[in-house]
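All remarks here apply to the structure that follows.
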Amino acid sequence: MNDAYAVYPGSFDPVTYGHLDLIKRALSIFDGVTVAIAKNIGKKPLFTLSERLGMMQQATRSMKRVKVEPFDGLVVDYVRRKKAKVVIRGLRMISDFEYEFQMALTNRKLDRRVETIFLMPSENYAYLSSRLIKEAAALGARVSDFVPPFVERRLKEKLRRK
Ligand code: ADP
């Protein structure tokens, strides 16, 4: 990989149209995007790592320049191993800003060659988060405007079994 590739890290629990919107925007700038799915996330995920990987793979199947991989540990170490330089993150609301700002500057401290580039989603997805989708689906809401149909089915199955 080189400068023309970007890494998009996150938990993707599960993938939403907001994530996919961001991946498409990144593809219009970079030659390729590697979606890096965090193995360990602070909060207990609803979906296992392999489920999160599988759903992201399925959702990006038609996007030829996208790779999906698991990662563990520091984002900057992963980016360095991939010989990439750019991390993509999304900015929705002002509320994202503080956390993302801290993380971008911490990552820069850890490795000053790694740059974080923020992209903004379509306004349709500006308030959408995986957490909100899980909460809404658990209460029986239809989430078909926000996640691909197969993700909506997986959410229903998962929440039935909980
Ligand atoms: P994390 O748990 O690391 O925040 P997520 O999987 O929730 O991971 O999100 C990964 C990245 O995608 C984050 O930068 C987040 O801000 C961004 N993101 C999530 N949902 C959206 C959305 N609807 N629009 C734009 N960016 C988003």
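Worth a mention:
- Qualifying residue in region 63-75 (condition: under 24 Å from Glu135 (Cβ atoms) and within 12 Å of the ligand (Cβ to nearest atom)): no
- Residue within region 85-92 that is of a type outside the set (Val, Ile, Thr) and touching a Leu at 6+ places or on another chain (Cβ under 6 Å) present: yes
- Residues in region 1-11 that are near the ligand (Cβ under 8 Å from one of its atoms) and assigned to a loop (DSSP other than H, G, I, E, B): Ser11 only.
- Every residue from region 12-28 that is within 7 Å of the ligand (Cβ to nearest atom) and either in contact with a strand residue (DSSP E or B) (Cβ under 6 Å, 6 or more places away or on another chain) or among the basic types (Lys, Arg) (or both): Phe12, Leu22
A short reminder: the numbers here are calculations on the coordinates, not readings from a lab. Not measured: the values here are computed from a predicted model. Heads up, the Cβs are rebuilt from the backbone with ideal geometry, glycines too, and the neighbour counts pull from every protein chain shown.
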